[in-house]
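Each remark here refers to the structure printed beneath this line.
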Amino acid sequence: MMNESRSADGGNGGSGGNGGSASYYYSGGKQVPLVTDPTAVALKMQPGRSALSGAALSLLRERAEPLLTLPHYGIRVVDTRTRSSRDEMIETLSGEPAVDFVTPAYRHSPENPDLMFVSDRFVVQFRKEVGKEEQNRLHAQYGVQVVGPLDYAPNGFLLACPREKSVVVVANAYFESGLTVFSHPDFIKKHSKRAPVMTAERPAAERSATTTRQTATTGTMSHTGMRRAPRAGGFLSEQWHLPIIQAEEAWDITRGSSGITIAIMDDGVDLGHAEFQGKVVAEYDFAGDVADGNPKSETDKHGTACAGVAVASGKEAFGAAPDCCLMAIRTPDYLGVADEARMFLWAADNGADVISCSWGPADGTGSTDPLPDNVGTAIHEVVRSGGRGRGGKGIPICWAAGNGNESVSVDGYASNPDVMAIAASTSRDSNRAYYSDFGPEVCVCAPSSGRGSSGEKRIFTTDRMGSDGYNTGDASFGDINGDYTNDFGGTSSATPLVAGIVGLMLSVNADLTPPEVRDILESTAEKIGGASTYNSSGRNDDLGHGRVNALLAVEEAQRRAGNGSGGSSEPVTSGNPRIEGPSMWPRTGEPPTFTCGVAAGQFWAVEVATRAELFNRQANGAQRTDDNFHATWKVLPFRSGSTYRLATDVWDRLKAADRLFYRLWKSDSANQWSNHEVTVNDSDFADAPFINLSEDDEDPGSGPDPDPDPGPVSAATVRFPSG
């Protein structure tokens, strides 16, 4: 009689057989060695099933020590101390009805410290010519069930392996059948932060020599004892990295736009921090599957520092793009590759314009860690022109090159040609940081931490508030309240700095594609370390194309926009365009009609909201729903003509409100935002005109001949304009 539970580690890694260990899997069409950990075992219990037998319980209590739990996947990991105990544990637990699956843990190499785990699932993309009939024959051969489609990979699916078979073996068999583009176990892998050396290892002499400020209710006090009133950007003088990249000169053109959102994929962002108020447009935690991007564990400190480097608003410290918005995506320490792919798609679908990733495989191991095929496919869908990112323009992704002082080529994530690998330079502005990874895949470098013993500085940025961050409340590490730290760095910091510069670039030219962003960053980078060290293509393996320059990058982005508009945070209001609606309208009547006016050859889009503050996208954009807000710019082309009538379905959703507020956007182009203007700016939302809605069914007059809203059409969608 077949056991209801199974070992997820049967077979030899090939297409059949039981017993032994899976010794490889496939990625990028090649076999990747898979090392079985000699003592670690992962297991998942069946929900609602009977308890373990006495023998199994005794084995767990006497022969195993807890290593970690992965609550998101219901997996417990134990150390059995010896290989023989591991094998006995797997054999015993695989016969327990209460156990869903039991498997050894894996590594990419014996030197790699990070364990990987498998469940019963794997991801597959069949070749385009392989139809359902042929797929179903393969599923029946191995007893596989279809969990659901992969919406980023045509003919792709998430599949579940039967109880008695190894998911690695079956995934390999699917690839070896020749029917698939890829077939990859849903490995649950650790995401290592590209973190710098932190405070515990920092020399005491260096700590005491650091000039800092203490923020207090009575003012700000330096070590000299002088007091002064708090001011915006009070720590700007300690942010030495910003003058190096000419950030303040770039801010004379634009400080960023509330229409541009930078996504920080990391261990969460302390969204209660003063530097992030009013700028968070979306958040999600992929550990708990909840809309909450805040840190959850005591080790979740990294993302808050990264977010500050990118978008801190300047209340006390500045990010590179202080007026851009923030998307906080909490990436747990362990995440399955199926969920990893979903994370990038979520960012694209929720309005990310730039993505910053300061994590990857463990640094300095020397082992090769390939990019999972499905994750690479999802990233390509987000980045490519015509894909899911930025209405088809594609999302630029900045990725930390790594802190292992090794070739970035061994890191499948950072070396992925769809992303920009960011290396680290130092405060000397002439050399690669000693830890920074190098290689032909490096795009550019950005200033970050260096050797304190050589006088190279670290990065000042936001910290998780109070005693929860890197700075637990020591003035010598940032400020006495613990809300900032002066001890951040690594390629972890260089990467969001470049992401912030990309945010500035998109603020003045939202039409840039990821290849154009890369080209501008590379062509405007400064050749630090001596021009003779760069090859004929203008790059070297240590620093890429050189150290980024925010001013030159923004100026070039603006030049390519072709209008020299200056990239102001809000569009101008010149009296043109204009829009007029009725002063009162009955809820029982037909949808209201508006009169729209722009100059000849121009186009318009209309927004209607049940609350005026919804026009302030930075502060309230996250509150917009189909039941309180409608925008015709969601569908191209923009409109011409003199009238606009609400579509019936929109009217039915909005008419329960007491008032309908409205405004009109103008563009010189029917297909993109070009020299756009608006009747009422975001910050002036209180001045928006409105229609009073009443229960009176008296005919309010026919008004102008309507130009009805045709509703969704087969056309590209667009992002909200800057402003």
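Quick notes on this one:
- Ranking Phe157, Phe615 from most to least accessible surface, computed with a 1.4 Å probe over the protein chains only, gives Phe157, Phe615.
- For trypsin sites (Lys or Arg not before Pro), the sites in the stretch 125-182 that DSSP calls loop and that have at most 10 other Cβ atoms within 10 Å are Lys128.
- Under 5 Å from the amide H of Lys393 lie the amide H atoms of Gly386, each residue being 5 or more positions distant or on a separate chain, with H modelled from the backbone and absent for Pro and chain starts.
- Think of the chain as a dipole: +1 on every Lys or Arg Cβ, -1 on every Asp or Glu Cβ, centred on the Cα centre; then among Leu59, Tyr644, Trp251, Leu59 lies furthest on the positive end.
- Amide H to amide H, with H built 1.01 Å from N, Tyr24 comes under 5 Å of Leu34, counting only residues 5 or more places away or on other chains.
- Solvent-accessible heavy-atom area per residue, rounded to whole Å², over the stretch 273-410 at 1.4 Å: 24 Å²
- Considering only alpha-carbon pairs that sit under 8 angstrom and 6 or more positions apart, the relative contact order computed for the chain is 11 percent.
- Percent of beta bridges antiparallel (DSSP, the stretch 335-456, rounded to nearest 5): 5 percent
- Sequence-distant lysines (8 or more away, or on other chains) whose Cα lies within less than 30 Å of Lys279: Lys190, Lys193, Lys296, Lys301, Lys315, Lys393, Lys457, Lys634, Lys655, Lys666
- Solvent-accessible surface (1.4 Å probe) assigned to Val311 amounts to roughly 0 Å².
- Candidate values (i) 36.7; (ii) 33.3; (iii) 41.8, label of the one derived for mean projected area of the Cα convex hull in nm²: (i)
- From its DSSP helices (H runs of at least four residues, each -39,500 (n - 2.57)), the chain gives a residue-normalised ellipticity at 222 nm of -6000 deg cm²/dmol.
- The stretch between Arg578 and Arg61, if pulled fully straight at 0.36 nm per residue, gains 178.6 nm over its current Cα-Cα span.
- Positive-end residue of Trp359, Asn294, Cys398, charge dipole of the stretch 287-444 with Cβ unit charges: Cys398
- Near the amide H of Asn431, within less than 5 Å, lie the amide hydrogens of Thr426, all on another chain or at least 5 residues away, with H placed in the peptide plane.
- Residue-level accessible surface for Glu111, protein heavy atoms, 1.4 Å, Å²: 120 Å²
- Sequentially through the stretch 602-616, phi angles give Karplus couplings (6.51, -1.76, 1.60; θ = phi - 60°) of 9, 10, 9, 9, 10, 10, 10, 9, 7, 9, 5, 5, 5, 6, 7 Hz, Gly and Pro residues having no value and appearing as x.
- Only protein heavy atoms count here; under a 1.4 Å probe, Thr92 has an accessible surface of about 40 Å².
- Rounded to the nearest 20 debye, the dipole magnitude of the stretch 277-344 is 220 debye, with +1 charges on Lys and Arg beta carbons, -1 on Asp and Glu beta carbons, and the Cα centre as origin.
- Heavy-atom accessible surface of the chain: percent carbon and sulfur, 1.4 Å: 49 percent
- Total charge dipole magnitude, the chain, about the Cα centre, Cβ charges on Lys, Arg, Asp, Glu only, Debye to nearest 20: 1060 debye
- Remark: accessible surface ordering of Glu248, Glu275 (largest first) is Glu248, Glu275, probe radius 1.4 Å.
The values are calculated or read from the model by the stated rules, or taken from the named source; none is laboratory data. Here the structure is a predicted model, which means the values were calculated and not measured. Every residue, glycine as well, gets a Cβ built from its backbone with ideal geometry; the counts of neighbours run over all protein chains shown. Calculation scope for accessible area: heavy atoms of the full protein, side chains included, ligands and nucleic acids excluded. Shrake-Rupley method; radii C 1.70, N 1.55, O 1.52, S 1.80 Å.
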